[in-house]
1. Checking the structure you have, find out if any residue of segment 47-57 is in a helix (DSSP H, G or I) and without any contact (Cβ under 8 Å) to a residue 60 or more places away in the chain.
2. Determine whether residue 148 is in a helix (DSSP H, G or I) and either closer than 28 Å to residue 406 by Cα or not assigned by TED's automatic domain parsing to the domain that holds residue 181 (or both).
3. Among the candidates 62, 77, 35, 20, which residue alone is assigned to a strand (DSSP E or B), assigned by TED's automatic domain parsing to the domain that holds residue 230, of a type in the set (A, V, I, L, M) and over 26 Å from residue 391 (Cα atoms)?
4. Only residues in segment 482-497 that are in contact (Cβ under 8 Å) with a residue 24 or more places away in the chain count as the first member; pair them with residues that are in a helix (DSSP H, G or I), Cβ under 6 angstrom, at least 6 apart or cross-chain, and list the lot.
5. Within segment 245-284, track down each residue that is surrounded by 12 or more Cβ atoms within 10 Å (Cβ to Cβ) and under 26 Å from the mean Cα position of the chain (by Cα).
6. I'd like the residue in segment 126-152 that is among the acidic types (Asp, Glu) and touching a Ser or Thr at 6+ places or on another chain (Cβ under 9 Å) and, out of all such residues, is surrounded by the most Cβ atoms within 10 Å (Cβ to Cβ).
7. If residue 219 satisfies all but one of (1) crowded, with 18+ Cβ neighbours inside 10 Å; (2) on the phi < 0 side of the Ramachandran plot, what's the number of the condition it fails?
8. So residue 238 clears everything in (1) farther than 30 Å from residue 132 by Cβ; (2) out of contact with any Lys or Arg (no Cβ under 6 Å at 6 or more places or on another chain); (3) not in a strand (DSSP E or B) except one condition, right? Which one?
Amino acid sequence: MDTIVEIRQMSKSFGPTVALDHVDLTAYGGEILGLIGENGSGKSTATSIYAGMQNCDEGEMLFRGEKWNPSSMNDALKKGVGMIVQENGTVPGISAAENIFLGETKEFMSGLFVNRKKMIKDAQDALNRIGADHINAAAMTGSLDFQDRKLIEIARVMTGSPSVLVVDETTTALSQKGRDIIYRIMQEMKEEGKCVIFISHDLDEIMNKCDRLTVLRDGKIIRTFSHDEFEEGAIKAAMIGRELKGSYYRDDYDGTVSKETVLEADNLNLSNQLKDFSFSLHKGEILGIGGLSHCGMHTLGKVLFAAEKAESGTFTVNGHTVRNEAEAMKYNIGYVAKDRDVESLCLEASIKDNIAIAGLDKFAVNNFLILPKREKQYVNEQVESLSIKCHDADQYVSTLSGGNKQKVAFGKWIGRDSEILILDCPTRGVDIGVKQAMYQLMYRMKQEGKSIILISEELAELIGMSDRLIIMKDGHLAKEFARSPQLSEADAIEYMI
């Protein structure tokens, strides 16, 4: 096999935090190389440097044996290396076509003007080629959901016909159709003798798709497994430096939930996303909501936090009608959105500011006077209890790994002692150790009498954690399941499709 990617002694620090510590990495043509490790282990940092997103502090990079030092991601793509980033990589205020050809509009210049008709046609062709023909290239990107925006990114990268494709936690944002698109692209590149570097926290997925697997921990390469060495226990131990102890999901099936109703929705309707949707949530209950990506479940989460307004129908919290987000917070509702970088966090603000903003009424004197000592104590309690990996609470959220960003999003609402938590894909892009900690946190909150609406595209997660499971299809409640050790993914899928 031809050596395509070489990274030698790469180091990178963000302030006092060492992200990469003299990393050596090699990837070959005709292979899919998996990168796995806990959040903050250095996976995204190493690949983003290679793809031109940022510079390293030390080290050397080679591409097909030649020195490699791209000036930007566009420069890297033109020269053969493309990367699909973990978080949102599109600009909302422009069309899908403009995002696909971002920075390349000169190719469509006709005199002094851009030939938009040709740009839209070429962009539509790019979308069609990857199997995303349901997306209108002329549509404004901001009007599309997170998954479709991610497919636009994939189309953009594939217009460059890269020899190396880095897929960074992309599949967690996609439905099965979207995953099939990226899996097909990866397999085609492998068969063409090209190279794919695949970053994922889904161990089953990465063992199934990859030829080799490199484990990083604390910015260092721990071990590279050949395909015949793949063994779940050994890989997990290499990732976290210890064996996982305790249950992963819940192991109780007694079905004990209070009869007290804390939230009730009655005939919610919104466009084609919610159709006469009714349900109730009980005190101390984890209520799972599942279905295909466009079934309406993500819209439901927004409506229940009053971030979007239903066209008809009502929902009440402990008998109170909720009309806006301020009232949702007043009645102790917290909401962690699927698209955390856009809807749950301010990336260019500190950990402290992100956590504190939701808890002003908890630590400010008379809801007005902020005493720095009280604010610091409030924030640090969440940083410590959630084990947020940072050098201090003043660190910008944009510099954190995906899992640590998610912990900050959790901390906003746990800090203010929310009684009802709406969690939309809460473990998206987090490693198995953090997932287990989040599941244990959810169960502990349930035992404390808190109520959780768990919206997820991962059926194993829903079945493993929920007291009840509602399956949605085309905006309707298709089926409700009680918690049971006999409940299988096949049972749920039957009502999703």
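1. Within segment 47-57 (the criterion being in a helix (DSSP H, G or I) and without any contact (Cβ under 8 Å) to a residue 60 or more places away in the chain), the answer is yes, since at least one residue qualifies.
2. Values: in a helix (DSSP H, G or I): yes; either closer than 28 Å to residue 406 by Cα or not assigned by TED's automatic domain parsing to the domain that holds residue 181 (or both): yes.
In short, yes.
3. On the way: 77 fails: assigned to a strand (DSSP E or B); 35 fails: over 26 Å from residue 391 (Cα atoms); 20 fails: over 26 Å from residue 391 (Cα atoms).
From the options 62, 77, 35, 20, the qualifying one is 62.
4. Once the first residue is in contact (Cβ under 8 Å) with a residue 24 or more places away in the chain and sits in segment 482-497, its partners that are in a helix (DSSP H, G or I) give 487/463; 489/459; 492/459.
5. 247, 248, 249, 250, 270, 271, 273, 274, 281
6. First, pick out the residues of segment 126-152 that are among the acidic types (Asp, Glu): 133, 145, 148.
Now restrict to residues that are touching a Ser or Thr at 6+ places or on another chain (Cβ under 9 Å): 145, 148.
Details: 145: 14, 148: 22.
Once the filter is applied, the top-ranked residue is 148.
7. So the condition that residue 219 fails would be (2).
8. Against the list (1) farther than 30 Å from residue 132 by Cβ; (2) out of contact with any Lys or Arg (no Cβ under 6 Å at 6 or more places or on another chain); (3) not in a strand (DSSP E or B), residue 238 comes up short only on (2).
The values are calculated or read from the model by the stated rules, or taken from the named source; none is laboratory data. Computed from a predicted model, the values in this text were never measured in an experiment. Ideal geometry is used to build each Cβ from the backbone, glycine not excepted, and the neighbour counts take in all protein chains shown.
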